[in-house]
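The values are calculated or read from the model by the stated rules, or taken from the named source; none is laboratory data. All figures in this text were calculated on a predicted structure; none of them were measured in a lab. Because the Cβ atoms are built from the backbone with ideal geometry, glycine has one as well, and the counts that use them run over all protein chains shown. With ligands, DNA and RNA removed, areas are computed over all heavy atoms of the protein, side chains included. Shrake-Rupley method; radii C 1.70, N 1.55, O 1.52, S 1.80 Å.
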Number of protein chains: 2
Amino acid sequence: MSNLKYISGGVTAAKGFLAGGIHCGIRRNHSKKDLALIFSQTECDAAAVYTLNKVKGSPIIVTGQHLLNGKARAVICNSGNANTCNADGEQKAKLMCDYVAEKLDISADDVIVASTGVIGQVLPIEPIRDGVQELVNALSDNGSGGAEQAIMTTDTREKEIAVEFEIGGTVCKMGGIAKGSGMIHPNMATMLGFLTTDVSINQSLLHEALLASTQKTFNMVSVDGDTSTNDMVSIMASGLAGNNRINAKGADFDTFCEALNAVNTFLSREIARDGEGATKLLECHVTQAADTQVARLVAKSVITSSLLKAAMFGADANWGRVLCAVGYADCELDVNKVDVSFESVGGIIAVCKNGAGIEFSEDLASKILAADEIKINVYLNSGYSEATAWGCDLTYDYVKINGDYRT
Amino acid sequence: MSNLKYISGGVTAAKGFLAGGIHCGIRRNHSKKDLALIFSQTECDAAAVYTLNKVKGSPIIVTGQHLLNGKARAVICNSGNANTCNADGEQKAKLMCDYVAEKLDISADDVIVASTGVIGQVLPIEPIRDGVQELVNALSDNGSGGAEQAIMTTDTREKEIAVEFEIGGTVCKMGGIAKGSGMIHPNMATMLGFLTTDVSINQSLLHEALLASTQKTFNMVSVDGDTSTNDMVSIMASGLAGNNRINAKGADFDTFCEALNAVNTFLSREIARDGEGATKLLECHVTQAADTQVARLVAKSVITSSLLKAAMFGADANWGRVLCAVGYADCELDVNKVDVSFESVGGIIAVCKNGAGIEFSEDLASKILAADEIKINVYLNSGYSEATAWGCDLTYDYVKINGDYRT
């Protein structure tokens, strides 16, 4: 996209959005924020996508009800507790919306609610009830970082981005924050993303764009193969940019989708890079596939292989593990046509041709795999479709983080 | 099965079978055997099941051809090299059969061939050619242990069993050896099992029994979710027990299947217990499922979850991870009916009822999870079917074994 520019501001970059985060007391550690708020000064078209796990967090269920009308004005999210598998979970998720709606003078139905943390522990609602005034006071037009910090768990880096682009000559903005995997009392690799834009766009197109982009970005990330109960990505579009409202597919919609992909791709890569215990970002790029579905299945299969992830940790050019994962991907393909290469800032090296090994320099391979971003290229030589998936290496620290006792 | 008795002898317990193993030089370590042979003094009905990976090891392809007629007399298997993804793989797998057939004066078509080790490295055939006479000399009626040692890779314990049972008043025997996951230069979690019996049984029933039993046993094991390219389980039935040949389903076939399940269940548990880096055997027992398929999918989903495996390593009663894995199992079920308990020699403790947490003693839970065999009971409360899956915990050593460089 030629006119896309990266800017600062995260979820408050787009016109009409404020954000903030505080420590309200769900977590015992006072220096870690645990409650985030994003607020739109006007009614937004809104859409969200949710985890496909049959066990769904209570906030997911409540948000689904609130977005039935395609409208929203705020996002409230706590970390430290997933509010999932609790008998009183829905009631408490609704209370979170009620508290914030009252203080902001909006309808509780216009609130998106999310939680991330340990599953199956009763959510203490008092810290949220008592903290919501302070939370509203913390709202500001440079509060994206505060909100991001409040949704982080064992994330080691903030994941925030904003972009500027033009639709029909009108300058528009879009921003997002996300959290990856891990907590102090570690549990699900819960993935959350909150996006804002000032583009004016028809809600069903907004939803369609979000679904399509999620397929290519967030759904192509794997840290450990465990699909969380609380995953959610939401977008609110305020319309304040002043562009001609996007009411149909065409060039403007394409521009919007491209901006959305840029934002989601950035956040997806950052989530994979910051996977629990990770030292390396892995990117599997599958090309020349018979169709997109095959490309995606193969890319995700490779990126999810524990054996490959451990090999990448050890900078071991063990391409047999790539081929093995290609072979058990749930789709039709001709394994005798598969080529594989490893790539990084250190260079690129072909290791497999037509499904069989070829001679290569182990020294060069080690050098390439020593980098902290590794690209695994899989050429299926069977068509013209491609896909990319992101993951991370499997390290001692993943075991440490997830083997530690919860309390 | 009332008349089942565990006996010694492994694959040589049944009448007519000899076995042995030697170091021929595929491995550099002279103290580790690397070539195994099992030989039947008479023609056997034989069957095998193979990996579903689309990338198949060359020995798998050759064995598939040799078993087209349902007959076999020998198994040859090397460790240290998988002979997979090599341009000359099939040719070398056939040579292995030729060498052993010549020395044993049998047809090469009657040889089952298998290999386990690194994928994509050319198999040196000379050590096998030059070692086959010594291998044949090593055959004996107490050589099962030697054959087992020769197929082991990073396995830390031998996996061998034999049982005695009666069919129509005739004493019959069945034995098996297997290898689990890991190598000195680690690669695929290749799983091999070789079974022998002196039961007389129709080949198509033999094949049917093996398929059915494998579904319930070996296919319910997961160490790391990576489906190998070289998995194979074969069975040879010499018929020398002298029972009335099993030519139809009925009581005798049922007895045979029960014995087969006992052998395969034992070997499957031993493979899981000896998973790479494992300190604990995990058994997930799913009951009250709507059908067997649901029970199997749920049991395997739970046992494969990296997060749960890491929690079990840490003796953490993090039941939310069990429910999460139940929730993403690829089948229909009502998550609000699910109960979960943890069990070991230390006792049993309920941790989740109707999909929600219940109060439990963390002290007792820790004590239960400190054992080296943990049972995770999942009650779906939706029917009368059940299934069991086996796995192991995820430990630092798994990362170490698989992150180390191949050479």
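Remarks
- Cα gyration tensor category, rounded, prolate or oblate, for region B:85-142 with a/c compared to 1.5: prolate
- Size of region B:351-394 as Cα extents on the principal axes (Å, biggest first): 32, 27, 16
- For A:LYS71, inter-copy label distances in nm, listed shortest first [label point 7 Å out on the Cα-Cβ vector]: 8.1
- Accessible area of B:LYS33 in the full protein assembly, 1.4 Å probe (Å², nearest 10): 60
- Cβ-vector label at 7 Å, B:ALA212, separations to other copies in nm: 5.1
- Residues A:HIS30, A:HIS23, B:HIS207, sorted by accessible area with the largest first, give A:HIS30, B:HIS207, A:HIS23 [1.4 Å probe; ligands and nucleic acids excluded].
- Residue of chain A with the smallest Cβ distance to the axis mapping A onto B, distance rounded to whole Å: A:TYR396, 2.
- Proximal aspartates and glutamates to B:LYS94, defined as alpha-carbon separation beneath 20 angstrom and excluding residues fewer than eight positions away on the same chain: B:ASP34, B:GLU43, B:GLU102, B:ASP105, B:ASP109, B:ASP110, B:GLU126, B:ASP130, B:GLU134, B:ASP231
- Under 5 Å between amide hydrogens, built in the peptide plane, is the criterion, and for B:GLY143 it picks out B:ALA19 among residues at least 5 positions away or on other chains.
- Dipole magnitude (debye, nearest 20) for chain A, charges at Cβ of Lys, Arg, Asp, Glu: 360
- Shielded by partner chains, region A:339-373 residues - at least 40 Å² of accessible area, 1.4 Å probe, vs chain alone: A:GLU362
- Net charge of Cβ neighbours under 13 Å - reference B:MET220; Lys, Arg +1; Asp, Glu -1: +2
- Nitroxide proxy distance, nm - points 7 Å out along Cα→Cβ at A:ASP98 and A:LEU211: 3.3
- Largest first, the residues A:LYS280, B:LYS15, B:LYS54 sort by 1.4 Å accessible area into B:LYS15, B:LYS54, A:LYS280.
- Among the DSSP helices (H) of chain A, those spanning at least 15 angstrom by Cα along their long axis with an average Kyte-Doolittle hydropathy of -1.0 or more are A:89-104, A:126-137, A:203-216, A:251-273, A:292-304; this is a geometric and hydropathy rule only.
- Near B:GLY239: Cβ cut-off under 10 Å, other residues only, Lys/Arg at +1 and Asp/Glu at -1. The net charge is -1.
- Overall, the anisotropy analysis places region A:3-75 in the oblate class: the square-rooted eigenvalues a ≥ b ≥ c of its C-alpha gyration tensor yield a/c not less than 1.5, with a/b not exceeding b/c.
- Theoretical FRET efficiency, 1/(1+(r/R0)^6), r = Cβ-Cβ of A:SER204 and A:ASN381, R0 51 Å, to 0.05: 0.85
- By accessible area with a 1.4 Å probe, ligands and nucleic acids excluded, highest first: order of A:THR292, A:THR170: A:THR292, A:THR170
- Normalising the average separation of contacting C-alpha pairs (under 8 angstrom, six or more residues apart) by the number of residues puts the relative contact order of chain A at 18 percent.
- Amide H contacts under 5 Å for A:ILE7, placed H, 5+ residues apart: A:ALA162, A:VAL163, A:GLU164
- Cα centroid separation - region B:41-55 against region A:238-298, whole Å: 46
- Annotation: A:PHE194 carries an accessible surface of approximately 0 Å², with a 1.4 Å probe and no ligand, DNA or RNA atoms counted.
- Formal net charge of residues neighbouring B:ASP109 (Cβ-Cβ distance under 14 Å; K, R +1; D, E -1): -2
- At R0 = 41 Å, FRET efficiency that the Cβ-Cβ distance of B:SER31 and B:GLN91 yields, to 0.05: 0.85
- Shape call, the protein assembly as shown: gyration tensor on alpha carbons, a/c limit 1.5: prolate
- Look at the alpha carbon pairs under 8 Å that are at least 6 residues apart: their mean separation over the length of region A:274-407 gives a relative contact order of 44 percent.
- Expressed to the nearest 5 percent, the antiparallel share of DSSP beta bridges inside the protein assembly as shown is 75 percent.
- Pairwise centroid distance, computed over Cα atoms, of region B:139-170 with region A:374-395, Å: 42
- Given a 1.4 Å probe and the protein chains as shown, A:PHE39 ends up with an accessible area of around 20 Å².
- Helix-only [θ]222 nm of the protein assembly as shown, DSSP H runs n ≥ 4, -39500 (n - 2.57) each, per residue, nearest 500: -9500 deg cm²/dmol
- On region A:1-146, 47 percent of the accessible area sits on carbon and sulfur atoms, based on a 1.4 Å probe.
- Figure legend: label point modelled 7 angstrom from the Cα of A:VAL345 along Cα→Cβ; residues of region A:353-381 with amide N under 15 Å from it are A:367-375.
- Calculated label separations, B:ASN247, copies of the chain, 7 Å along the beta-carbon direction, nm: 8.1
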